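Peer 1: There's a structure below that I have some questions on.
Since every read-out is calculated from the coordinates, none of them should be taken as a lab result. Here the structure is a predicted model, which is why all the values come from computation and not from measurement. Using ideal geometry, Cβ is built from the backbone for each residue, glycine included, and neighbour counts are taken over all protein chains shown.
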Amino acid sequence: MAVEVTRREVLMGLGAAAGAAVLGLPGEAGRTLAATLARDGGYDADKGEYVLPPLPYAHDALEAAIDAQTMQLHHGKHHLAYVNGLNAALKKLAEARQSGDFALVQHLSRQVAFHGGGHALHTIFWNNMGPVPGEPTGPLKAALERDFGSVEAFKAHFSAAAAAVEGGGWGILGLCPMSGRLVILQGENQQKLTIWGMTPLLVLDVWEHAYYLRYQNRRGDYIKAWWQVVNWDDVARRLAAATGDEARAGSSS
Ligand code: MN3
């Protein structure tokens, strides 16, 4: 067992270093950022495939905001479809390189972005939530106050952005790599309207499949209830990793 863990950690470390090099990020911060994404468990380096990570809690753990049936369908069916779609598109692109037939390269590239975006955002989304209510504290609270004026102003802005997403999409709090400042974005579908290199810290799925069973057309009610199940410790961890604070603190968990 110990050997398994060690091998997995080594593989994740290699992936993280490669990711940092591709992104062109400064060494320490880049490695930390990539390691955080890898730690969410959306990729199996041994299989060489993207995988559906298990929920970090029971299906009914978020009942204060999201019912168990929605969680079962959303995680087990919708999210799984993005994982499968991403693996399938990458396989077809590998086949295209073998045959030299790139007739479908535009379609398949779009599939990678759509399903890859969906896999990344859902993986973060599950970890962004938990059954224990809380509020932002420490460096996360300070960053929200610095960039939005107050935690309440941040919540109002984020809620409005999520409510106003056109069609299916996401409310997204991210860290802009150019400024080191927090930014709120409206992600459309699974992949549109981002800043390249932006690190998502807190994401809210506002596709109808995320809330329709309990809330029907009342997206605003879903958003209001959702704040009760935000896992602020997870958001703070992502911010620390993205800013390199985690590495400077010597933490590796
Ligand atoms: Mn969804």
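Peer 1: I need a count of the residues in the stretch 45-88 that are surrounded by 14 or more Cβ atoms within 10 Å (Cβ to Cβ), charged (D, E, K, R) and not in a loop (DSSP other than H, G, I, E, B).
Peer 2: Here the count works out to 1.
Peer 1: Which strands (runs of 3 or more DSSP E) does the stretch 130-237 wholly contain that include 3 or more residues that are within 16 Å of the ligand (Cβ to nearest atom) and touching a residue at least 24 places away in the same chain (Cβ under 8 Å)?
Peer 2: In the stretch 130-237, 169-175, 199-205 are the strands (runs of 3 or more DSSP E) which contain 3 or more residues that are within 16 Å of the ligand (Cβ to nearest atom) and touching a residue at least 24 places away in the same chain (Cβ under 8 Å).
Peer 1: Then there's this: Go through the stretch 200-224 and give me each residue that's crowded, with 21+ Cβ neighbours inside 10 Å and within 17 Å of the chain's Cα centre (by Cα).
Peer 2: Pro200, Leu201, Leu202, Val203, Leu204, Asp205, Val206, Ala210 - these are the residues of the stretch 200-224 that are crowded, with 21+ Cβ neighbours inside 10 Å and within 17 Å of the chain's Cα centre (by Cα).
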